[in-house]
Every structure is written in C-alpha cells, then in structure tokens.
1. Within the bounds of the range 53-70, is there any residue that is more than 16 Å from ligand 2 (Cβ to nearest atom) and in contact with a Lys or Arg (Cβ under 6 Å, 6 or more places away or on another chain)?
2. Going residue by residue through the range 160-179, is there one that turns out to be in a strand (DSSP E or B), under 24 Å from Lys223 (Cα atoms) and within 14 Å of ligand 3 (Cβ to nearest atom)?
3. Just to be sure, is Ile425 assigned by TED's automatic domain parsing to the domain that holds Ile272 and modelled with pLDDT of 95 or more?
4. Of all the strands (runs of 3 or more DSSP E) wholly in the range 195-282, which have at least 2 residues that are farther than 19 Å from Pro297 by Cα?
5. With the requirement that a residue be of a type in the set (Ser, Thr, Tyr) and surrounded by 22 or more Cβ atoms within 10 Å (Cβ to Cβ), what does the range 155-175 give you?
6. Quick one: what pairs do we get from the range 263-282, first residue touching a residue at least 60 places away in the same chain (Cβ under 8 Å), second among the charged types (D, E, K, R) and assigned to a helix (DSSP H, G or I), C-beta under 8 Å, 6+ apart or different chains?
7. Would you mention how many residues in the range 35-54 are in contact (Cβ under 8 Å) with a residue 24 or more places away in the chain and either in a loop (DSSP other than H, G, I, E, B) or within 11 Å of ligand 1 (Cβ to nearest atom) (or both)?
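The values are calculated or read from the model by the stated rules, or taken from the named source; none is laboratory data. Source: prediction; values computed, not measured. Reconstructed Cβ throughout: ideal geometry from the backbone, glycine too, with neighbour counts over all protein chains shown.
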Amino acid sequence: MKGKFFIQTYGCQMNVHDTEYMCAILNKAGYAQAQTLKEADIILLNTCAVRQKAEEKVYSFLGRLKAFKKRHPGLIIGVGGCVAQKEGERILKRIPYIDLVFGTHQFFRVAELIEEVKKNGHRICCIDYTYQLEPPCHVFPLSHKMYGRAYLTIMQGCDNFCSYCIVPYVRGRQISRRSENIINEAKRLLDMGIKEIILLGQNVNSYGQDRLEEISFSELLFKINKLPGLKRLRFITSHPKDISPDVIKAFADLDTLCEHIHLPVQSGSDRILKRMGRKYTRSEYLQKIEALRKACPEISITTDLIVGFPGETKKDFKDTISLLQEVEFDAIFAFRYSDRPPAKAVSFPEKVNEQEKAERLSEVLEIQAPITERKNRVKKGRLLEVLLDSYSKRGQQLCGRTRCNRVVNVEGDESLMGHLVEVIIEEVLPHSLKGKVVKILD
Ligand code: SAH
Ligand code: SF4
Ligand code: F3S
C-alpha cells in the first residue's frame, strides 16, 4: 500500500461520479481510502464553481488545511474539478501548500499526476481539455456510493452558454460518448446487481447532437430500457429546449423510466429568459409540462430557479411567482443570482442588490413550501416502491427513493439494503417521507 487518500467532493452528481472514478483509479494504483482526513497522506478536493458561495467553500476548506500540512510535511494536497479548471495556475500562486491542480478532463490521470508530484517534487497544474470521456477499462468495477443505484455519464460539457452560467467554461464543449460504450457500461452495472441507472450530463437530453452518426437521446433511453435486469432508469439534468416529443413519449412507454423529471426553468419572465439565453419562452415551457403530464399523469416535476438576475424587475419576479403557482412543482431549488466571470451576465447592467435578492428568495421559498407539502401529503397511506440505497443521516434508518424521487426513511435490517421494497407511507415530513416495509419486491 502506497498510502491513504481522502477526497472531499462538492457540486453536482457529475462530480460525485467523477470522485467514484478517482477512488477506483487510486485503489488500482495501490492507495487505500482513508476513513478520516487525519489519516490521509493525500487529500484531494473535487470542486464546484457554479456559484460564488460554492467556490468560497473550497477556499475555506483549503484554508483549514494549512496548519494540517505544516504538521504533516509529506502530505500531498490536490485540487480538481470545476474551480481547478477555472483558476488553474492561480491556485498554485495563491496557495503555496497546494501540490497539484487538475481540471475536469484530467481526473482519469489523477494517479499518474500524484506519482509525478512525488517523484519530481514539482507542483503541477494540468487543466487541458482532452475531450476523452471514455473511462480506462482497468477502473472497472467501480465501487458505487449508493446501494443498488449507479451513475452513468453519457455526455459532458455544454454548448448553451446561458448568460449567467460558468459550466461551459469549466466543463468545455458538449461531448457525447458513443452509445455502444454507454450500453456496455450499463450492462456491466446490471451484471453487478445495480437496479437503477441514472444517466448523467450537464445537458443530458442534448445527447448525440454533437455526434450526428449517433442515435438520439430518446433512442438511447429505449435501448437501455430493454436491458435485462434494469428496474429503474433516470436522467439528469435536462434542458427544456431539448425535451422532444420522443422524450415525452418515453415517459409514457418505458416501464423502467421513473416518473420524475428535473426540468430547470430559471425564470417565469420571458424578458429574463431571453436575457439568460435560455432559448424557450414561458409558454413553451408550460406546453412541455402539460405534454409530460399528459403522457405520464403520475410524473413528479422539479425545477431550478434563479432570483435577482440582472435587470429582473418586480414585475419579472412576479412572473416567476405566478409560474410556480401555475405549474405546482413537486419541489424546487432556488438560488440568488451570482456573478460568475467570464459568463456574459457579469457585464449586464441593473444588478439587483443582495437584500432584494434575499427577499425574493424567501418569497419564492414561502410560495413553494405549501405546494411541496401538499404534493407530499397525497402520498400518505399509499404503497410506494422504494429502492433502499443508503443509511439515514444518523445511521439508524434505511433510506431510499420512490420512483417519483421522494426520499423515504424506514426501520429495517441492513440486509434490505440495495433491495426494491414496497413501503406503506405513514408520515410526511417537510423533506422526506417515513414508512414501513411491507414487502420485498426483488
Ligand atoms: N445544466 C443544468 C444546470 C447547471 S447548474 C441546466 O442547464 O439546467 C445548476 C443550477 O445552478 C442551474 O439550474 C441554475 O439554477 C443555478 N445557477 C447556475 N449559474 C448560476 C449563477 N450564476 N447564479 C445563481 N445560480 C446559478
Ligand atoms: Fe449552464 Fe445553461 Fe449549460 Fe445548463 S444549459 S450548464 S445552465 S450554460
Ligand atoms: Fe458545479 Fe461543475 Fe457541477 S460547476 S454544478 S460541479 S459541473
């Protein structure tokens, strides 16, 4: 054993999955995973840059490592992911005790890069875009963070350049994997006993648009749906403009496709949507919601919203509130607009002040809370299928998700972990449901 590593992960599911790859690569290279930070010889951060706060968290964690490194001079500290991609060499200049900076296309090389730091004693920054999305064969099988469910990256990057967003600058241009490789990876997951596959991409439903020889996203869904052993299929995150009639049809036709879609709307005002560069109008978005509900009446719909985008007037904001009331999402994630250079909106005039943003955020959450509660309350007394995939925060209960993506906690023996069970819902809490297992389904 060469030493122990500890990885601190921030950000979206893509980062969580990239960390799973890094763990596998480091294991194969002879390193063991440390249970705590204190026992680690290598500390890596997989970072997120989507909002300023996310980036601040990274620097604050790195700040805390300063004294730690002093006490452990041989310790290697590496920063990967989206902040690494964005800042590059600047991180090495700013923080003298960082040894390694590696970008969003470099994480497959993490073990080599660490060897290089060790051998030459140099500090390294490697943030080239390689556009190599295919994981090296030797990393498989991965050990997955959750029981029974696994992520599968089908595309990376984004070509949309929404004016507020840093993702295209830190993940690069959109690149789709070959469907053959995706399907082989899905088969490998199913052979391992995985029951639920979550397809990942920054714009998962734009899959294939950069590879004209490839099948479309909906065709990919149809193909994966047919694989023996698959019980559940999900995908995240979708762009409303690319929700095609075929994808909507998939919700009606595919028995593994779970009744949930996360469809970020960002704003209810056409004027703001235009300035954001979202390429759809409020009414187009609403039409898609209607079609999805028609195809799949049980579908649960969640969204992301930004409040206080530059130039958002009280009237624009009211349009967002009225959209929430009209759609009645199952849940929302709402954020205060944050300047992310080099995204275009940084230079937009009429910035909304922080206090106004905070007030708008509270108002949005206040409007949504009773809607979410009402939508959850309907589940009380119902029998729902749950895949038990993790332990609850305090570790005493088993935790899983329904097909409609509600978190459910149950009492039970750990032998149930990774199983699909039927649960009777007994209690509805603000962010989760509680119930009793009545039957094992697989
Ligand atoms: N690819 C996804 C979302 C990526 S980022 C999509 O296209 O929808 C996740 C969420 O962060 C976004 O949906 C948006 O609501 C929020 N976000 C992105 N940039 C932001 C910014 N500059 N300020 C505040 N929120 C932002
Ligand atoms: Fe960002 Fe827009 Fe791309 Fe989503 S679609 S990652 S919000 S630029
Ligand atoms: Fe954050 Fe990068 Fe994901 S910026 S949201 S970790 S793509």
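1. No, because not a single residue in the range 53-70 is more than 16 Å from ligand 2 (Cβ to nearest atom) and in contact with a Lys or Arg (Cβ under 6 Å, 6 or more places away or on another chain).
2. Initially, the range 160-179 is screened for residues in a strand (DSSP E or B), giving 175-176.
If we keep only those that are under 24 Å from Lys223 (Cα atoms) too, we end up with 175-176.
Now narrow it down to the ones that are within 14 Å of ligand 3 (Cβ to nearest atom): 175.
There is at least one residue in the range 160-179 that is in a strand (DSSP E or B), under 24 Å from Lys223 (Cα atoms) and within 14 Å of ligand 3 (Cβ to nearest atom).
3. The answer is no for Ile425.
4. 196-200
5. Pass one, the range 155-175, residues of a type in the set (Ser, Thr, Tyr): 163-164, 169.
Hit for the range 155-175 is Tyr164, nothing else.
6. Partner pairs satisfying both residue conditions: Gly277/Lys344; Arg278/Lys241; Lys279/Lys241.
7. Selection size over the range 35-54: 10.
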